[in-house]
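Below is one structure, written out as structure tokens; comments come after it.
The values are calculated or read from the model by the stated rules, or taken from the named source; none is laboratory data. Predicted model only: the values in this text are computed from it and were never measured. For neighbour counting, all protein chains shown are included, and Cβ atoms are generated from backbone atoms with ideal geometry for every residue, glycine included. Heavy atoms of the whole protein, side chains included, go into the accessibility calculation; ligands, DNA and RNA do not. Shrake-Rupley method; radii C 1.70, N 1.55, O 1.52, S 1.80 Å.
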Amino acid sequence: MTTPPVEARRPQLTVVSSGNFARGYGGVAYLAQALHTRGAAVQVIAPIPLDQMDDVRRFPFPTRSIYSMAPRSPWLSRRMFHLELALTGAFRDTAWLFSDLSFFREAVAIRRLRPRSKLIHYCAELLTPEEFPHVQGTAFYAGHAGVPDLIIDVNEGRAARRRERFGLLQEILLLPNTLPLSEIPPPALPGTLAQLAGGDLPEATPVLLYAGGTHEGAALDSIVAAVAGLDRPAFLLAFCHSERTDDVVRFRETVNDRLGSRRGRVCPAVPRQALLACMHEATVGLVTYPYSAAPSWNQLHCAPTKAYECVATGLPIVASANPSLQALVADRAVGVCAADDSAGALRDAIGHLLAEPARRRAISERATRLFAEELCFERVSPPVVERILDVVSRAA
């Protein structure tokens, strides 16, 4: 009897990502890389714009963009890919990992067409039809959330709510939205943060760094009000990403009106690696997800990568009063949380941290050590990787 080639005996896993990890959060890619390192034959398919494919070449697993199917029509590419998934899922001898909801219908179809297939669902968000009726697929998900063999969630609060809301009986693994230690670049030369910001920053003035979205849940008006109400000068520096350019423009106008050019600046988003290399030049990192700004379980049990980026680079954090941020920031002593969701409480938290330079230095030293020893992806992912390999191996 002929021995099958080694490649054929490797556990096969096809990862279908709902998001573009080339320039956004790369949790799917980090997990795929860890599985590849452990011997799984991983291939990843994702909605990555073709002009950004060079950004994913550094990963060791093969990646295909769904937009390659019809390069001139992203819409047609997505339609064709939906059809391809439904067809190949019935015949391909592989386990599947789907993230979030974009292709969850196809995941369920694969299970129906091939009941013995193994299905893993990686949930970076908690989206219910009651709280997110405008998000396509939430109603379907509510009726089929129990189909996958294995579920991956990003924190305990969301996992508990997911299990309760959807009546889940299967295993839910926890994989925080952290980064690999290998993704943290060496510190850049002094002045790099100012270069990214497009010009000099005020001398001898604390820099409050916000690097996130302009969505409603960020409560940007509260951030501006908090900075405006400080009893000592501070400079708000924001690098904002948004699918709607108007949101960034409005935020910039608000900062200019309330703070002026000497106390604030709003810049376009910059590459993650570039900002990570100089975040340590800021004084405080702002991580805001106040529940009152966007009441949902997803917001209450937020899972921001930015908090882990601050910890990794030793930047003290001022955060909202969410339970997940309380557990990461306050309980681990890498920053402070506001007492409540008001602008006044955020102002007070910022003011207290700015008034204690010795505390900030101690936080910086503790944070980088804590990240390397406990919080980086290399530390938190092994139990999840082992469990996935077990499921994928049984699918072979």
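The table for this structure:
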read-out	value
Residue order for ASP153, ASP390, ASP100 - accessible surface, 1.4 angstrom probe, largest first	ASP390, ASP100, ASP153
Average Cα contact separation per residue, the chain, under 8 Å, 6 or more apart, as relative contact order %	15
Share of pairwise Cα separations in the range 295-396, more than 22 Å, in percent	40
The range 9-67 versus the range 87-121: alpha-carbon centroid distance in Å	17
Heavy-atom accessible area ranking, 1.4 Å probe, most first, across GLU106, GLU156	GLU156, GLU106
Separation between Cα centres of the range 220-257 and the range 275-336, rounded to whole Å	17
Only Lys, Arg (+1) and Asp, Glu (-1) charged, at Cβ; the range 218-263 dipole about Cα centre in debye	240
Ellipsoid semi-axes in whole angstrom, largest first, where each is sqrt(5λ) of the Cα gyration tensor of the range 57-148	22, 18, 14
The chain, accessible surface, carbon-and-sulfur percent (1.4 angstrom probe)	53
Two-decimal ratio, the chain, of alpha-carbon radius of gyration to 2.2 N^0.38 Å	1.03
Probe 1.4 Å - accessible area at ARG57, Å² to nearest ten	150
Candidate residues HIS144, HIS121, HIS280: accessible-area rank, largest first, probe 1.4 Å	HIS280, HIS144, HIS121
Cleavage-rule hits, trypsin sites (Lys or Arg not before Pro), the range 92-153, DSSP coil, Cβ neighbours within 10 Å at most 16	ARG92, ARG116
Where GluC sites (Glu not before Pro) fall in DSSP loop in the range 183-243, at most 14 other Cβ within 10 Å	GLU203, GLU243
Prolate/oblate/rounded label for the range 164-282 (Cα gyration tensor, a/c 1.5)	oblate
Whole-Å semi-axes of the ellipsoid equivalent to the range 301-357 (Cα gyration tensor, √5λ, descending)	17, 15, 9
Probe 1.4 Å, accessible area per residue of the chain, Å²	46
Electrostatic dipole magnitude of the range 297-396 [Cβ: Lys, Arg +1; Asp, Glu -1; Cα centre; debye, to 20]	160
